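Have a look at the structure below before the remarks.
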Amino acid sequence: MSGLTKEKVIIAFKKLGIKLTNPTDILGNAIYAAENSNAWFTAENIKKSLSSFAEMLNEADVEQWFKTISFSSSPKKIGLILAGNIPMVGFHDVLSVIASGNIAMIKLSSSDDKLIKAVIAELLNIEPALASKIEYVERLKDFDAVIATGSNNSSRYFDYYFGKVPNIIRKNRNSVAVINGTETKEDIENLGNDIFDYFGLGCRNVSKIYLPKGYDIANFYEGIESFQPIINHFKYNNNYD
């Protein structure tokens, strides 16, 4: 027995949140390695993602989250096929499996195989008993349920292989914005974040905008002007061209 309790997991998550408020202090090498292996993972975007997890794992929200979760006394093995389109995108699935007392069988994306491992290592430093809840795998087998994230194409294979067990299979997702013409410059700047954060590669990034008839498009371009330097990133520029 690991001696792991729900209370210990709550404490570990809170402590991880505190550590992630200064990610460079504990994850500097991992950030550097991730940036060098995946050009989309700039240090700025990596830190943005880590900071969002730090914010999510604040004491009040962790306490509230765990009030809604039953901690299993008979753990099941949950296979996780993680995406790698933006830094740490699959980490919430890992946290959710651990929070429920189950075992995370993690198939990392080759695009994000350094950051999540490094953050989990920090979590295990905080609470070593959590090692009983983490398995890294190259191929899923002997699982009880699956959460798989991929493209519309890969989802067909996921349905075939995992359709007989409880599953969550995520496909391509796209987000849209609707402008009605009353937006302030600040509103458009915030929309710019929704468009350009993580180079627009996240499923929540806006990729289509609906404008009212007669809308002055200059208002939109003025609002997103501050994001112009993104074009200097070579991979973004190559795709833009």
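Remarks
- Tally of residues being over 19 Å from residue 74 (Cα atoms) and over 13 Å from the mean Cα position of the chain (by Cα) across segment 92-105: 0
- Qualifying residue in segment 27-41 (condition: charged (D, E, K, R) and closer than 16 Å to residue 198 by Cβ): yes
- Selection of segment 1-25 for residues being among the small types (Gly, Ala, Ser) and within 16 Å of residue 48 (Cα to Cα) yields only 17.
- Per the conditions (1) of a type in the set (A, V, I, L, M, F, W, C); (2) modelled with pLDDT under 95; (3) within 18 Å of residue 115 (Cβ to Cβ), the sole criterion not satisfied by residue 4 is (3).
- Answer from 108, 130, 140 - the residue that is within 15 Å of the chain's Cα centre (by Cα) and in the same structural domain as residue 43 (by TED's automatic domain parsing): 108
- As a summary of the residue check, residue 62 satisfies the conditions (1) modelled with pLDDT of 95 or more; (2) more than 21 Å from residue 127 (Cα to Cα); (3) not hydroxyl-bearing (Ser, Thr, Tyr) except for the one numbered (2).
- Considering 130, 115, the condition of being at pLDDT 95 or above, crowded, with 19+ Cβ neighbours inside 10 Å and either of a type in the set (Ser, Thr, Tyr) or touching a Pro at 6+ places or on another chain (Cβ under 7 Å) (or both) is satisfied by 115 alone.
- One residue stands out among those in segment 143-157 that are surrounded by fewer than 16 Cβ atoms within 10 Å (Cβ to Cβ) and either assigned to a helix (DSSP H, G or I) or of a type in the set (D, E, K, R) (or both): the one that is nearest to the chain's Cα centre (by Cα), which is 152.
- Scoring residue 113 on the criteria (1) within 14 Å of the chain's Cα centre (by Cα); (2) farther than 21 Å from residue 235 by Cα leaves a single failure, condition (2).
- Count - residues of segment 123-164 that are free of Cβ contacts under 8 Å to residues at least 60 places away in the same chain and of a type in the set (Asp, Glu): 3
- Figure legend. Inter-residue proximity from segment 104-115: first residues closer than 15 Å to residue 33 by Cβ and assigned to a loop (DSSP other than H, G, I, E, B), second residues charged (D, E, K, R) and modelled with pLDDT of 95 or more, beta-carbon distance below 8 Å, spacing 6+ or different chains. Indicated pairs: 108/117.
- Hits in segment 194-224 - residues which are out of contact with any helix residue (DSSP H, G or I) (no Cβ under 8 Å at 6 or more places or on another chain) and within 22 Å of residue 41 (Cα to Cα): 194, 200, 201, 202, 203
The values are calculated or read from the model by the stated rules, or taken from the named source; none is laboratory data. In this text the structure is predicted, and so the values were computed from the model without any measurement. Positions of Cβ are generated from backbone atoms using ideal geometry, with glycine treated the same way; all protein chains shown enter the neighbour counts.
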